[in-house]
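Presented below is the structure to which this report refers.
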Amino acid sequence: MLKFRFVIILNIIFLVINCSCNKDLEEIIETVVVAEEENSTPIVIPQDNNRVPDEIEFSLNGINGFGVEDMDLEVATWLNFKQSSITHTWDDSNSNQMEVALPIYDEYNLKTTLFSLPNKIKNWDLYRNAHINGHEIASHSFNHLNFDHLTSDIVEQELKKSRDEINSKMDFSHCLTFAYPYCSSDEFGLTNKYYIAARSRKNSIQSNNPSDFFDLGGVLCGETTNYYTEDQLNNLAEKSIENNGWAIYLFHNVDINGGFSISSEVLKNHLSYLNENSNMYWVDTFVNVVKYIKEREAVTVSVKNQTSNSIDISISDNLDDNIYNHPITVKKKLPEKVVASELKVQQSNVQLEYAIATIGSTKFIIFNAIPDNGIVTISF
Ligand SMILES: [Zn+2]
């Protein structure tokens, strides 16, 4: 039986969100190069690796979703009751993203999102491998045109053609999110025909419960922006803790002059910081965070049956289960007499890992389960 240690830490952090916008900064794009034809190879989709950590640090600042309230059933704001979410996104399919940036992410086992231009990709094997390693391959349009100056027909072509081309070249159907070229917008409301969410640019922390999934604000990083040094990049992550928000970083290049580049050394040190502080930050791809939020907001969690030695919990939503299959973190109060070491948690005959939290004299169990994937049974 797995045993988990639980730590409750008083952790009140006062930070001020810097909402300054740099609307005048224009995105730089290299000439779009027509890609060479590549043979597609079958892709094995990796298993989700969303295990409950051995140790969860609860904040006691009383903000929603952090498990301090004596609630019978609760869904965490962020996976594993982390205090905020962090997503790194990379635009424009610049070659140094694959050659320089990705190996650094892989070194720390952190995942990132590549908003890609299929017309510019020369080696799709690198992208297929990145997907197998858990990174997200998403779309940044086909020809990188400014949507603010296009007809609805052209906008729709750019949305659909890029998605279809990426799915075809990747040999999958997982191109689910989009980033507007030049951080423009889709005034025709066509993006939701082809994607489940899109990144814009607001240069501020995104709230944990967005009103518009097609206007999720990224923060422009790199030279000539406010987020260029290691300290500045770390500080942006710290800002996301206030209001338990979501910091969406927008990168372009590593180790080149111009093009909002950052140095690989700065990136490495920043990822090291995120890794060292993984008790606070949930670092994951854009699509996984979108899935989690939509599931968290749509899900109904209820006790279906309770006996002297088991509790059955239903976790269901009305979302498309082919897409919305990310585990969400659930916390359930346990009867007083339960012995933590004798617990077992199962969903559809799959044994789930769990953690135990004790707040005062009350015990809670915490586990990650996929909505609509069967009843969760806690046996004791
Ligand atoms: Zn771009």
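The values are calculated or read from the model by the stated rules, or taken from the named source; none is laboratory data. As the structure is a computational prediction, the values presented were derived from the model and not from experiment. Glycine gets a Cβ as well: all are built from the backbone with ideal geometry, and neighbour counts include every protein chain shown.
Residues are listed down the side, and each one gets a yes or a no for (1) in contact with a Leu (Cβ under 8 Å, 6 or more places away or on another chain); (2) of a type in the set (A, V, I, L, M, F, W, C):
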| residue | (1), (2) |
| --- | --- |
| 140 | yes, no |
| 153 | no, no |
| 165 | no, no |
| 172 | no, yes |
| 206 | yes, no |
| 213 | no, yes |
| 216 | no, yes |
| 221 | yes, yes |
Quick test for you: out of 310, 263, 272, pick the one residue that is among the hydroxyl-bearing types (Ser, Thr, Tyr) and farther than 16 Å from residue 105 by Cβ. 310
Give the residues of region 244-267 that are buried (at least 19 other Cβ atoms within 10 Å of the Cβ) and either in a helix (DSSP H, G or I) or outside the structural domain of residue 101 (by TED's automatic domain parsing) (or both), sorted by residue number. 244, 266, 267
Filtered residue count, region 336-367, keeping only those that are without any contact (Cβ under 8 Å) to a residue 24 or more places away in the chain and within 17 Å of residue 306 (Cβ to Cβ): 1
Total residues in region 333-357, condition hydrophobic (A, V, I, L, M, F, W, C), within 25 Å of the chain's Cα centre (by Cα) and outside any strand (DSSP E or B): 1
Just to verify a result, which residue in region 237-275, among those that are away from the ligand (no atom under 16 Å from the Cβ), within 16 Å of the chain's Cα centre (by Cα) and of a type in the set (A, V, I, L, M), is nearest to residue 96 (Cα to Cα)? 271
Restricting attention to region 125-146, does a residue exist that is surrounded by 21 or more Cβ atoms within 10 Å (Cβ to Cβ), hydroxyl-bearing (Ser, Thr, Tyr) and away from the ligand (no atom under 15 Å from the Cβ)? yes
Return the residue satisfying two criteria in turn: it lies in region 176-218 and is buried (at least 19 other Cβ atoms within 10 Å of the Cβ) and assigned to a helix (DSSP H, G or I), and of such residues it is nearest to the ligand (Cβ to nearest atom). 181
Please determine, by comparing only the residues of region 74-94 that are charged (D, E, K, R) and modelled with pLDDT under 95, which one is nearest to the ligand (Cβ to nearest atom). 82
Got a sec? Which of 156, 99, 107 is farther than 21 Å from residue 269 by Cα, more than 12 Å from the ligand (Cβ to nearest atom) and of a type in the set (D, E, K, R)? 156
Matching residues, region 275-287, being assigned to a helix (DSSP H, G or I) and buried (at least 21 other Cβ atoms within 10 Å of the Cβ): 286, 287
Being in the same structural domain as residue 90 (by TED's automatic domain parsing) and part of a loop (DSSP other than H, G, I, E, B) is true for just one of 240, 173. Which residue is that? 173
In this structure, is residue 323 in contact with a helix residue (DSSP H, G or I) (Cβ under 6 Å, 6 or more places away or on another chain) and in the same structural domain as residue 371 (by TED's automatic domain parsing)? no
Of everything in region 74-95, what is charged (D, E, K, R) and buried (at least 24 other Cβ atoms within 10 Å of the Cβ)? Give them in sequence order. 82, 91, 92
